[in-house]
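Everything below concerns the one structure shown next.
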Amino acid sequence: MNSAAPKLRLNVLDQSPIRPGSTPREALLETVQLARLADRLGYTRFWVSEHHNTHTLAGSTPEVLIAHLGGQTSRIRLGSGGVMLPHYSALKVAENFRLLEALFPGRIDLGMGRAPGGDRLTAHALNPSNTFSEQDFVEQLLDLQAYLRDEKVPDTIHERVMAAPQAATSPELWLLSSSGQSGLFAAHLGMAFSFAQFINGNGGPAAVRQYRERFRPSRELAAPLANVAVFLLCAETEEKAQELRAAMDLMLLRFGKGERGTFPTPAEVAAYRFTSEDRAHLAFNRNRVVSGTPAQVHAQLREMAAEYGVDEITAVTITASFEDRVRSYELLAEVFELAPVAVELEAMLA
C-alpha cells in the first residue's frame, strides 16, 4: 500500500437483501448485525435503502430502520440511501429526520433520490399526485431546506409552519443519483452528492466533476462533498472472489431481463448457461462491480477514488451467504487499515 496516498473513508449501503431460504425478518436482523460490525470496524457511514413491492429486499422505510440502528450503534453515521422524496411531503421527511437528529445528534445523513424505488404502479399508490417532474422535485428540495433551517419566508407556508422537533444540529443532506441530473441539483442547492455506480457503471466521474464545477456553497455545506457507491465483493482467494462475482453477474443479468428473485445460489450459477447475448450484458455491467482479493480490491478502489476525485467510497455487498457478506466487509476494513472502535453495549444504550 502507498502510505502517501490520502486516507480513504469507507461506507456501507445495505439494502436488507432476503437471502435464498431466508425471511424478511432475518434480513433486517442481518442489517442490524452489519451495522454493529461496521460501527466496530471503523466505517464512516451506514446507509439503508428504500424499496417497495419486492420480495427480495426488506428495506422499505429507512427512517424506521435508522431509528432502530441508532440504538444499536455508538459512533457511525446513519442515513438513508435514500428516501425517495417524491413519494412524501417535504414537511414529513424534515420531521422524520429532525427527530432522528435529535435522538442521535451529529450522526444522521438524509440521502434523497427521485427514482420510484420500485414500479410506477406502486409509486402511484404511495403518492397518487406524483408526476416525477424535475420541477416538483426541486421545489420539494427547497421546501425541505426551508423546514430544516426554520426559515420564516413571508407569504409562504414557511411563515407559519415549522418542522418539529427543534434540534441544535441538522442532518447532513445528500442527493443520490445514477445520472448527472441530481448532481446539478445538489450543486445548485449546496448539498452533498453520491453517485450510484452500482446502478450505472458509466458516466460517474464526469457527473461528479460537473457537480464540483457548479457547486454553490450553502448554509450547510461550504465546499463540495461527494462519494461513489459500488457493488463490492472481497474474498480471501481469487477463486472465492470469482465465485461471488459470478453470482452477482447472474443477479444483475436476471434483473436486467425483468426477472425478480432471490440472490442466486452457487448451484444456480453452476447450472446456468450464458448465451452470447448474456455475455454482452455482463460486459456492460462490468463497471458496476468491484471484486477480488483484498489487495486487488484495494488497488481497484484506489483507482476509482482517484478517477472520481473523492476520499470516500460506499460498498454495497450482496451474497447468498451472510457469512460471505460479513467477511467481505471485514477484509475490506483490514486492507484499508480502518481504525477499529471498542464499542461497549452499556455505553451505546446510556
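Quick notes on this structure:
- Listed by position, the helices (runs of 4 or more DSSP H) enclosed by region 82-170 that each have at least 1 residues that are free of Cβ contacts under 8 Å to residues at least 24 places away in the same chain, on the phi < 0 side of the Ramachandran plot and open to solvent by less than 40 Å² (accessible area, probe 1.4 Å) are 134-149.
- Test: residue in region 291-304 that is surrounded by 12 or more Cβ atoms within 10 Å (Cβ to Cβ), out of contact with any Gly (no Cβ under 7 Å at 6 or more places or on another chain) and under 23 Å from residue 56 (Cβ atoms): yes
- Filter pass, residue 303 being charged (D, E, K, R) and touching a helix residue (DSSP H, G or I) at 6+ places or on another chain (Cβ under 7 Å): no
- For region 66-81, the tally of residues that are open to solvent by 10 Å² or more (accessible area, probe 1.4 Å) and either closer than 10 Å to residue 47 by Cβ or outside any helix (DSSP H, G or I) (or both) stands at 6.
- Residue check for residue 232: under 30 Å from residue 273 (Cα atoms) and either of a type outside the set (Phe, Trp, Tyr) or under 18 Å from the mean Cα position of the chain (by Cα) (or both): yes
- Any hit, region 279-289, residues being under 30 Å from residue 171 (Cα atoms) and in contact with a helix residue (DSSP H, G or I) (Cβ under 8 Å, 6 or more places away or on another chain): yes
- Qualifying residues in region 165-188 (those that are touching a strand residue (DSSP E or B) at 6+ places or on another chain (Cβ under 8 Å) and among the aliphatic types (A, V, I, L, M)) - the one nearest to residue 15 (Cα to Cα): 176
- Single residue of region 28-65 satisfying the filter (over 21 Å from residue 92 (Cβ atoms) and either aromatic (Phe, Trp, Tyr) or assigned to a loop (DSSP other than H, G, I, E, B) (or both)) that is most open to solvent (accessible area, probe 1.4 Å): 55
- Some residue of region 83-102 being at pLDDT 95 or above and within 16 Å of residue 315 (Cβ to Cβ): no
- Region 202-226 - residue that is under 22 Å from the mean Cα position of the chain (by Cα), open to solvent by less than 40 Å² (accessible area, probe 1.4 Å) and small (Gly, Ala, Ser) and, of those, nearest to residue 312 (Cα to Cα): 226
- Of all residues in region 227-264 being buried (at least 16 other Cβ atoms within 10 Å of the Cβ) and assigned to a loop (DSSP other than H, G, I, E, B), the one that is modelled with the lowest pLDDT: 262
- Selection status of residue 312, open to solvent by 70 Å² or more (accessible area, probe 1.4 Å), touching a residue at least 60 places away in the same chain (Cβ under 8 Å) and out of contact with any His (no Cβ under 6 Å at 6 or more places or on another chain): no
The values are calculated or read from the model by the stated rules, or taken from the named source; none is laboratory data. Quick caveat, the model's predicted, so the values are computed rather than measured. Please note: Cβ atoms are built from the backbone with ideal geometry, for glycine as well, and neighbour counts cover all protein chains shown. In case anyone asks, the SASA skips ligands and DNA or RNA and just uses the protein heavy atoms, side chains included. Shrake-Rupley method; radii C 1.70, N 1.55, O 1.52, S 1.80 Å.
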